[in-house]
Each structure stands twice: as structure tokens, then as C-alpha cells.
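See structure below.
What follows draws every value from the coordinates through simple rules; no lab data is involved. This is a predicted model, so every value here is computed, not measured. A quick note on method: Cβ atoms are made from the backbone with ideal geometry, for glycine too, and the neighbour counts reach across all protein chains shown.
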Amino acid sequence: MTRVVVVGGGIAGVSVAAELAIDAEVTLLEAEAALAHHTTGRSAAMYLPGYGNEVVRALTRASRADHDALAAEAGTPILTPRATMWVAGPDEVDGLDALAAENDVVRRIDGADVLARCPVLRADRVAGGVVDDGGSEIDVGVLHQAYVRRLSAAGGTIERGARVTSVARTSRGWTVGAGDRTWTADVLVDAAGAWADAVAGLAGLHPIGLQPLRRTLFTSPVATDVAPGPLVVDVHERWYFRIDAGIALISPADETPSPPCDARPEEIDVARALEAVDAITTLGLRSVRSAWAGLRTFAPDRSPVAGPAPEDPTFVWSAGQGGYGIQMAPALARSVAGLVRTGTLPADVAAAGLTPADLSPARLLPGF
């Protein structure tokens, strides 16, 4: 049986590990004491089939059936319908037209429709919108734990508090060290998120140019009679918010370059978003209940990186998911597993128009 070590316990790592554990001996190494401590556990995730570039959209659409199957296993929904609405002021409607023209999933709506969907918006500040009625909110915890259960049921092992400090290629495969512990594997999967380039460096492989970008979120109390509504996004993505019972979740939609770290929010980012959302709504926001930040890690072309490294096919990438990692996690995990086993993508992913080259790290490494 093939021995696999997967580095990273976020959604990328646990989903790939669960897929590979079907017919391999899998050990997942997580640096922190708890799984999903970083980006996965801090995401306000949405399932948006029209969000992202063509590669991301294809993987997202191919993930829909997986989300439903995992929800059935968990006995609780993973996707809860929630529309997403991009809005613009009178001098920014060209941005709405451009957004609607480049994406056949969304549709243009007028200002009256925008206000009907989100009555707390100020009529004099909103001239129209673009809406995706097919979106859903993702219960990240349920999704992540569904994969953890699949991994455990297949006999996989999870090692927490195992921060990788050394990686060596030997005649017997990979030797992966975390402190005074070591594991050996025939295949090493790098699903370390913001740290994925660093893991590759330990293995003596070329980095692929991943850039972690900080994203801030916070909550602010709102009146209990304010009805929940769609996710509302500025047409230029300078902020977004959504309202649930008695609370607004808000983000400045920031993309601040950061080294790999345990990200923390900056007060200026919170203040900027609070002011912007307060100006366009009648919510009267005055305080912040809690704030946090995570790192969304992108490859240079903003497509995910999945598959064997060109320098050594037993080193496998699953990285660069950026802001789409949770919505496309199931299809991406199946894709990585297919590339490991046979060098091919699952039939539904291939039918969506993707090829291994679309995901391969070789596209980012000149000379390969």
C-alpha cells in the first residue's frame, strides 16, 4: 500500500487526505494543536459558482454534488441558500455592466430591486446591482469535520502539533520531521496553505511564488428587527457585509501582502470598513463585537496549484486556493487524488474543460 504524508490540516489537507486514504496509508501532519486553526477556521465562506476565474468556476461547479453528499453523511446541511449582490453608486454603474457581461451566472438588477433585497441600503447611494441568486453560505465546520470523519473511517492518522521542520528525499522515499518525530512516505502532499512554498523549500524544490494576503473580518451589533439578507459586496470589492439576526458580518475585503503567520486584524482596516458600510446603509453601526483575520494564499495567476512537482513527481502540490478554497475543495481534492493515482483528472472535472496542465505547478516554473 502506498504511504502518503499530507502536510496541512485545513480544508485542503483534510479533503486530499480523505480522498487518498481510500487506497493508501495516509498520515496528516498539522502544525497547530487544532485543525483548521488558520484560514479555514476564519472564513466567511460562500459557494458561488460564478466567483473566480474559469479554473476556479469549473472546480466550484464540480464540487456541488460533493457538498450535498457530505451533508447527507453529516446529517446536517452544508450549503444554505444566500444570494450575493454587488452594488454600485450612480457614478459606478459601468462596473456593474462589466461584471454582468463577463459572468453568465449573475444578472443585472436596478436600484429598486437592490433596495427590495436589502432595505437597509441608502437609496441615494445605490443605483443598481448585479445578483447571483444561486449562491449559498457554507458551513465550514460541518464540511471540514465531514472530511475528518472520512479520513478516520478510512484508517488515516492525524498528528496535531506536528510542525514540519525537515524534509529529506532518500532511496526509501520521503522522510518528514517535526521536532523529534519522523514519518516516511512514498508520496508527500504539500497542502500547507501560506506555508506551502516553505515546505517545498525544505524538500529542496522550487517555490511557485505563492503570496499570502491578509483578509479581515469583524462583527458589529445591529437592531434585532433588521432582517437577514444577501451578502452585499461593493462593485469594486472594497468592502462587503451580510446581516444575520442581531449581527452584521463585515469585511474591508483587504488583500494586504503578508508573510506566513498567525494573522491578526489591523484597527485601520476595521475602521475603514465600518465607516464605508455605515455610510451606505442606515444600520447606524457604532461598535465592533469581535474581529479576526486570515491569510488567503494565491498563486501568481490566481488559479489553484495541484499535482506532481516537475522536479519530483512524488512531491505533490495542493496549494494556492486563494479566496476560493472552501467552495472548490471537494473537486480539487478529487483532482489531486486522481493525479496521484493515474495522472488524470476525475471525469466530471475533465468534462468541465480542465486539463492537468491547468492545475500543474509546472506552469509557474520557467524551464519545466
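Annotations
- Once the Cβ-Cβ distance of A116 and R286 is raised to the sixth power relative to R0 = 25 Å, the FRET efficiency obtained is 0.40.
- Around A203: net Lys/Arg minus Asp/Glu count, Cβ-Cβ under 12 Å: -3
- Full extension of the chain segment joining T182 with A198 gains 4.0 nm, where the gain is 0.36 nm per residue of separation less the Cα-Cα distance.
- Note on E275 and A69: their simple-model spin labels are 4.9 nm apart, each label 7 Å out from Cα toward Cβ.
- R0 of 22 Å, Cβ-Cβ distance R108-R238: FRET efficiency to nearest 0.05: 0.65
- Charge context of P346, other residues only, Cβ under 11 angstrom, K/R +1, D/E -1: -1
- If you take all other residues with their beta carbon under 12 Å from the beta carbon of D66, and give Lys and Arg +1 and Asp and Glu -1, the sum is 0.
- Ranked packing of 322-330, 97-105, 18-26, 346-354, most packed first, by mean Cβ within 10 Å: 322-330, 18-26, 346-354, 97-105
- Put simply, the Cα atoms of the stretch 134-274 extend 64, 36, 30 Å along their principal axes, the longest span coming first.
- Placing +1 on each Lys and Arg Cβ and -1 on each Asp and Glu Cβ, with no other charges, gives the chain a dipole about its Cα centre of roughly 760 debye.
- The alpha carbons of the stretch 245-368 give a radius of gyration and a Dmax of 19.4, 57 Å, in that order.
- Rounded Å value of the spacing that divides the Cα centres of the stretch 298-368 and the stretch 20-91: 16
- Model label sites at A101 and I268, defined 7 Å from Cα along the beta-carbon direction, differ in position by 3.5 nm.
- Positive-end residue of S136, H67, P228, charge dipole of the chain with Cβ unit charges: H67
- For the stretch 180-271, trypsin sites (Lys or Arg not before Pro) are listed when DSSP marks them as loop and at most 14 other Cβ atoms sit within 10 Å of their Cβ; the list is R238.
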